[in-house]
Amino acid sequence: MGLAGRNPQSAPFFFLRVALRVRARVEEERPDPFKLDREGFRRWVRGRVGRAWLVETGGPIAFVGYVDVQRPEGWLFRGVYTRPEACRRGLARAGRRGAMSVRRPAGYEIAYHGRQRAKADRAGALRGRPAAAGEAMGTYLWTNAKVLAVDVSVSRDVAQAFLPEALSLAEPATATLFVADYPETAFGSVYREAAVLLHAGDERGPALHCSWMVVDDDTALILGREVLGFPKKMAEIQLEEREGRAVGTVSRKGVELMRLEATIGEAETNPAPFFARRMVNAIGTLPTGMKRIDLPPAEEHIHSARVGEAKVALASSDRDPLADLRPAASGSARLVHLDFGSLAAAAGGGQSEILGDAGADWTLRHFFYRAR
């Protein structure tokens, strides 16, 4: 039949984008995601190109699909689409086998999404032995994340006022400002994020406290606020990297609140942890009171980390008084490419722990700031 299968990393992602739009509108009877959020959908597709597989028949591309989840129990193969004129020629099976032959360690099975499962079961496709210890893949909630982070000195008195009871600011008074791009997540959102993390500690030891965080995706906002106590709000966030420079910006309600302009240089030989650090946030409501929640260090795998220097600018609005922190004009920068967040910990509820009250006075001062 003259089939040729390949990963489309070096090819335009146009066909994958079209295929996913067709599946959404025709097969799954959902609105066209391209019309709902054009740039968000493009970023979502780009995040899957590296895991996709094409089949050509000597002419145009005829089949595409991508590997979504890789677990010892099985693989989830999604976005499966065959051109109507090329159906019933075995292209889907060839595409799945091609992707698995390149990506699958011995012992992995493949599962299929929705209607594809029944077809695959009838075909008896790609079944194998249970995976051996140490073969686990796809174990992170966030993969291929990129984070631009800058450590800067801040006003001690102002920063201390942002901390819940029982937390004290570290010496010297320091904040980590970051802008992040998350092109792949296990919960289906592709989004950007920015935050202010204050370096602090309590009787248990050092900890970071997230005093301010914004995202550009409502699912990420709800999960972060309700489950982990991150004070997330919506904003417009950009992160760009080119020719040894990285720029992250955050705008909210017409005000540019954060700008990080970094010159990135040499790689870290032994990268320091980023998300693999203990955090103490505040969670709750005004009627019930806010509680301190202890979040253990996240599991992470750092692919690369480069260091440099960055210029920092924080501004304020009536809803986001970031400039009150009076950050230094520059600080040490890192550009980190990593996977993080354990699927196993999320499934088991993690090891988070409620430590005690955040303080009545602190709650009254900060609850509405966190919600506006």
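No value in this document is a laboratory result; all are computed from the given coordinates. Predicted model, so just to flag it, every value in this text is computed and none were measured. Cβ placement follows ideal geometry from the backbone for every residue including glycine, while neighbour counts extend to all protein chains displayed.
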task = Tell me the label-point distance for the pair HIS337, ASP324, using the 7 Å Cα-to-Cβ offset, in nm and rounded to one decimal.
result = 3.9
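How charged is the neighbourhood of PRO271? Take every other residue with its Cβ under 11 Å from the Cβ of PRO271, and add Lys/Arg as +1 and Asp/Glu as -1. Present the calculation step by step, with values, prior to reporting the outcome.
Working: positive: ARG306, ARG334; negative: GLU268, GLU300.
So the environment of PRO271 carries a net charge of 0.
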task = Pull out a ≥ b ≥ c, the square roots of the eigenvalues of the alpha-carbon gyration tensor of segment 273-372, then state rounded if a/c is under 1.5, prolate if not and a/b is larger than b/c, and oblate in the remaining case.
result = oblate
Distance violations [Cα-Cα > 21 Å] among LYS253/LYS311; LYS146/LYS253; LYS233/LYS291; LYS232/LYS311; LYS233/LYS253; LYS233/LYS311 = LYS253/LYS311; LYS146/LYS253; LYS232/LYS311; LYS233/LYS311
Cβ-based net charge around GLU300, under 12 Å, with every Lys or Arg adding one and every Asp or Glu removing one = -1
